[in-house]
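Asks: A single structure is presented below for examination.
The values are calculated or read from the model by the stated rules, or taken from the named source; none is laboratory data. What you are looking at is a predicted structure, and each value in this text was computed from that prediction instead of being measured. Cβ placement follows ideal geometry from the backbone for every residue including glycine, while neighbour counts extend to all protein chains displayed.
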Amino acid sequence: MASTSGIYQKATPFTVFNAFNLALFSMGVIDESHCDATITEGEGDDKYTRLFINDNKIVGVISLEGVMAATKYKTAIESQVSLVGLDINNMTIRDLFNEIKERLAITA
């Protein structure tokens, strides 16, 4: 995809699976060997999200939240918001995204 400035921007890999009453999507880098950390949250069989983090940035996600939730993850991956200064090991994914939203608002 070319941007308006004529510079090529690599597309973020995105996969959707929706069958057998299961809605799953993955996006970005989801290989632990290319990541420094992951954050996983799950509530039973129908709630699961795993974030992949490298160099203090979210680089990928696997989630059972449904494809409608993908937008916030795509924004976080593509904007490369820095997670420096956050205690990601003691934050929920919701708290992390509230912080990312604030950081994006500051840079906008």
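Asks: Inspect region 66-86 for any residue being surrounded by 16 or more Cβ atoms within 10 Å (Cβ to Cβ), without any contact (Cβ under 8 Å) to a residue 24 or more places away in the chain and either in contact with a Gly (Cβ under 9 Å, 6 or more places away or on another chain) or aromatic (F, W, Y) (or both) and give the result as yes or no.
Replies: No - not one qualifying residue is present in region 66-86.
Here is a yes/no grid of residues against (1) of a type outside the set (D, E, K, R); (2) more than 13 Å from the chain's Cα centre (by Cα); (3) modelled with pLDDT under 80:
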| position | (1), (2), (3) |
| --- | --- |
| S3 | yes, yes, yes |
| Y8 | yes, yes, yes |
| L24 | yes, yes, no |
| V29 | yes, no, no |
| E32 | no, yes, no |
| E43 | no, yes, yes |
| L51 | yes, no, no |
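Asks: Looking at this structure, is I62 closer than 20 Å to A23 by Cβ, in contact (Cβ under 8 Å) with a residue 60 or more places away in the chain, surrounded by 14 or more Cβ atoms within 10 Å (Cβ to Cβ) and aliphatic (A, V, I, L, M)?
Replies: Criteria not met by I62.
Asks: So, in region 87-107, how many residues would count as being outside any helix (DSSP H, G or I), in contact (Cβ under 8 Å) with a residue 12 or more places away in the chain and out of contact with any helix residue (DSSP H, G or I) (no Cβ under 8 Å at 6 or more places or on another chain)? So that I can check it myself, show each step before the final result.
Replies: The first filter runs over region 87-107 and keeps only residues outside any helix (DSSP H, G or I), leaving 87, 91-92.
If we keep only those that are in contact (Cβ under 8 Å) with a residue 12 or more places away in the chain as well, we get 91-92.
In the following step, the residues that additionally are out of contact with any helix residue (DSSP H, G or I) (no Cβ under 8 Å at 6 or more places or on another chain) were identified as 92.
Qualifying residue count, region 87-107: 1.
Asks: Could you grab me the full set of residues in region 12-32 that are hydrophobic (A, V, I, L, M, F, W, C), surrounded by fewer than 18 Cβ atoms within 10 Å (Cβ to Cβ) and part of a strand (DSSP E or B)? Explain how you work it out, then say what you get.
Replies: Step one: list which residues in region 12-32 are hydrophobic (A, V, I, L, M, F, W, C), which gives 14, 16-17, 19-20, 22-25, 27, 29-30.
Pick out the ones that are also surrounded by fewer than 18 Cβ atoms within 10 Å (Cβ to Cβ) and you get 14, 16-17, 19-20, 22-24.
Within region 12-32, F14, V16, F17, A19, L22, A23, L24 meet the criteria.
Asks: Further question: Hey, could you check region 23-57 for residues that are in contact (Cβ under 8 Å) with a residue 40 or more places away in the chain and hydrophobic (A, V, I, L, M, F, W, C) and say which is nearest to V81 (Cα to Cα)? Even if it seems obvious, please write down each step before you answer.
Replies: At the first step, the residues of region 23-57 found to be in contact (Cβ under 8 Å) with a residue 40 or more places away in the chain are 23-25, 27-28, 37, 39, 41, 49, 51.
Next, from what is left, pick out any that are hydrophobic (A, V, I, L, M, F, W, C): 23-25, 27, 37, 39, 51.
Values: A23: 27, L24: 24, F25: 21, M27: 16, A37: 16, I39: 16, L51: 14 Å.
The qualifying residue nearest to V81 (Cα to Cα) is L51.
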